[in-house]
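Presented below is the structure to which this report refers.
The values are calculated or read from the model by the stated rules, or taken from the named source; none is laboratory data. As the structure is a prediction and not an experimental result, all values here were calculated from the model. Neighbour counts run over all protein chains shown; Cβ positions are idealised from the backbone, glycine included. Areas reflect the complete protein model, heavy atoms only, side chains present, ligands, DNA and RNA absent. Shrake-Rupley method; radii C 1.70, N 1.55, O 1.52, S 1.80 Å.
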Amino acid sequence: MADLLLTHGYFLSEDEKERQIMKPYPPLGLLYLSAFLKTRGYSVDIFDSTFGERARLIERFASESGTVGIYTTLMTRRSVLEIVRAAKRHGWRVILGGPESANYAAEYLESGADAIVIGEGEITLSELLPALARSGPQRLHDVSGIAFLDENGELINTRERAKIKDLDTLPLPDREAIDHHLYLDAWKTHHGASSINLITARGCPYRCNWCSHAVYGYTHRRRSPAAVADEMQAIVDRYDPDQVWYADDVFTISHPWLTEYAAELGRRGIHKPFETITRADRLQSEQSVDLLRELGCYRIWIGSESGSQRILDGMQRGVTVEQVQRSTKLAQARGIQVGMFLMWGYEGEELEDIAATVEHVRKSNPDVFLTTVSYPIKGTGYFAKVRDKVALPLPWVDGSDRDHVVEGRRGREYYKLADRWLRSEVEASRIEARDPVRAAELMSAARRARAAMQSWGVA
Ligand code: B12
Ligand code: SF4
């Protein structure tokens, strides 16, 4: 039995939508924890739920005893609670980490968890494991960066854990702890190219007010270009993926860093195609786009969110609509595909803002765009802004922050119409020259959707 069993509560077998998309990535946070704890002498096992079955995990709880650590996000609340219950039923100690449990420490502790790690897990876990064994779950006052319930059932939040200053001191993620080939094969089978994720930095200093900073705060710490290039070398040697995903919050924050990184990769003769996320304001010059191209970027994702400057400013996005359009144009001109993230329904959004978004996407013409309906995540500025108007129409244990309803806002059906309007109008604009008849049909679908929205009442 290992000192710690790590898992994450996300089961691909239970997510039909994701099985259609089939772009799974290994749980990097757990791999970092495993590597670090092993260097401190702990034995660690990972039950990778992505390709695992819930029943196997529960069997494991029944046949062994020990401590399980679970990564949590707002997507996995129900699943994690189920795992917590099963683990406790069989006498296991339960530690939670990740953004969701940091936001709802009291609720998870009341649901049976023994301790919640707030922020980075490496050092905290290495102190928490012996403290738990020594003093039990109610006397953990000396471990920084956690929440727990004391003997009186009172919620104790210990001192904040200092962030790890030099990320290069961390060992590389323990990729051998899980079967990467399941991921590589899934990608290859469904998309013709295998892919692997890695990060070059932790945290984001920007303050878009709907974005969760529960784990890394507003810090931004970069690994050295040489260390990341060494990890790439190890990935290429061991797995040789066809491409990679730099899973940073914003890959393009430091252009000097990217220049050095390109040199380090060049020195090692590595050139892997990749996709990643940027902010538009970090991709305004031809040189910055050339740099991405040189590094192997084939698709860049831009958080565009809205075509209405008023809404972007309300989000404290710190980006202009023109910057998004310029970065899209620059990237496409150099053969880099552009993916755009868009968000409907942010506080104060009216039909004219949606019209501005449709016009913005039509004009920018990204290669692909994805829309979501905004929802206030606890702990964010957006949540604070609408706090008095937020309701969860389900019991906490059954819902998630995605189910938050903001009073006065329109329902999901309304945003389905917005999607139809957007997709029809953008597609019409794309095909107008070669298929005017189909384009006219699409434009009337767009007008119908818009008219239905015009006559929509507030939910
Ligand atoms: C890459 C990424 C994705 C990828 C996932 C691919 C993958 N598996 O890597 C994609 C693009 C698919 C994605 C999708 C979504 N994501 Co996402 N994603 C990220 C991102 C940018 C990086 C994740 C990562 O690799 N981090 C690096 C590792 C090292 O950090 P870490 O995982 O946090 O681990 C550390 C700590 O959390 C802690 N820890 C982790 N596990 C454990 C376990 C224990 C026991 C302990 C003690 C500690 C601990 O220690 C680790 C090391 O210090 C994060 C933001 C971020 N910077 O983390 C958002 C983030 C996790 N995503 C988020 C969201 C909202 C989503 C979506 C819901 C978005 C949407 N609207 O569709 C979807 C949901 C997908 C799903 N089905 O779950 C939110 C979650 C917010 C919340 N409160 O839960 C985040 C935080 C972004 C944000 N800033 O708002 N995402
Ligand atoms: S949305 Fe992106 S740029 Fe904005 S704060 Fe979050 S991670 Fe940073």
Legend entry - Selection count, the stretch 302-320, where residues are within 16 Å of ligand 2 (Cβ to nearest atom) and out of contact with any Ser or Thr (no Cβ under 7 Å at 6 or more places or on another chain): 12
Legend entry - Of all residues making up the stretch 101-126, the number that are away from ligand 2 (no atom under 16 Å from the Cβ) and either touching a strand residue (DSSP E or B) at 6+ places or on another chain (Cβ under 6 Å) or over 13 Å from Leu33 (Cβ atoms) (or both): 18
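Specify the residue that is surrounded by the fewest Cβ atoms within 10 Å (Cβ to Cβ); the eligible residues are those in the stretch 101-112 that are touching a residue at least 40 places away in the same chain (Cβ under 8 Å) and in a helix (DSSP H, G or I). Can you show your working first?
Initial filter on the stretch 101-112 (touching a residue at least 40 places away in the same chain (Cβ under 8 Å)): 102-107, 109, 111.
If we keep only those that are in a helix (DSSP H, G or I) too, we end up with 102-103, 105-107, 109.
Working: Ala102: 23, Asn103: 21, Ala105: 22, Ala106: 12, Glu107: 16, Leu109: 22.
Of everything passing the filter in the stretch 101-112, Ala106 is surrounded by the fewest Cβ atoms within 10 Å (Cβ to Cβ).
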Legend entry - Any hit, the stretch 228-246, residues being open to solvent by less than 10 Å² (accessible area, probe 1.4 Å), within 16 Å of ligand 2 (Cβ to nearest atom) and not acidic (Asp, Glu): yes
Legend entry - Number of positions in the stretch 187-201 that are closer than 29 Å to Glu120 by Cβ and either basic (Lys, Arg) or assigned to a helix (DSSP H, G or I) (or both): 1
Inset, instruction - Hey, can you tell me all the residues within the stretch 407-422 that are modelled with pLDDT of 95 or more and either touching a Ser or Thr at 6+ places or on another chain (Cβ under 9 Å) or not charged (D, E, K, R) (or both)? - result: Tyr414, Tyr415, Leu417, Ala418, Asp419, Trp421, Leu422
Legend entry - The listed residue being open to solvent by 60 Å² or more (accessible area, probe 1.4 Å), among the charged types (D, E, K, R), in a loop (DSSP other than H, G, I, E, B) and more than 14 Å from ligand 1 (Cβ to nearest atom), out of Arg134, Arg159: Arg159
Legend entry - Yes/no for Leu198 being under 22 Å from Arg175 (Cα atoms) and under 18 Å from the mean Cα position of the chain (by Cα): yes
Inset, instruction - Answer yes if at least one residue in the stretch 60-68 is of a type outside the set (Ser, Thr, Tyr), within 13 Å of ligand 1 (Cβ to nearest atom) and within 30 Å of Gln243 (Cβ to Cβ), and no otherwise. - result: no
